[in-house]
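Just so it is clear, none of the values below were taken in a lab; they were calculated from the coordinates. Computed from a predicted structure; not experimentally measured.
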Amino acid sequence: MNLKKSMGREREIKDTEVNIIPVMNIFLLLIPFLLLTAAFVQLAVVELSLPSLNKSRTSQVQQRPKNLVLIILVIKEQGFQLKSPGFKLAPVNKINNNYDYNRFIAQLKQIKQKHPHAEDIIISPAARVKYDIIIKVMDRCRETGFPNVALSG
């Protein structure tokens, strides 16, 4: 027996073709499927005005026009408290550990009837109030006729 033959050096080299059609078919099906099932990011923008750090509180009060009605909404863990000039509004406490939005909306409508030109409301949430509650309150304020919502610290 020949040593070269036993080591495999005299093997014949054959040309073979790689069949890539099955792989291309998989990609042809996979790419449209991935594009159709992709969840695109939807961003929602909530317009509000935040207090600035460089202005003093007295200068903000002096810049306010005469016909502007200052409406303050305090959100606590126990419920809501609306403060408005000319109104003595009772606090809106939670019912069954849920905020009572219906009573809160009724109070906002009562303020809107007395001051129809009022469009501004300042929301002052407590530190432990969840962001979801603040957004729900802002939506209720806009629905009731107070489009200009500001957050206070």
**Q.** Per-residue HN-Hα couplings for region 128-145 [Karplus 6.51, -1.76, 1.60; θ = phi - 60°; Hz; x = Gly/Pro]
**A.** 8, 6, 6, 4, 4, 5, 5, 5, 4, 5, 4, 5, 5, 5, 5, 5, 7, x
Q) Using θ = phi - 60° and the Karplus form 6.51 cos²θ - 1.76 cosθ + 1.60, what ³J(HN,Hα) does each residue of region 18-25 get, whole Hz, x for Gly and Pro? A) 8, 8, 9, 5, x, 5, 5, 5
**Q.** Unsatisfied cross-links (Cα-Cα over 21 Å) in the set Lys114/Lys136; Lys76/Lys114; Lys88/Lys136; Lys109/Lys130; Lys76/Lys136
**A.** Lys114/Lys136; Lys76/Lys114; Lys88/Lys136; Lys109/Lys130
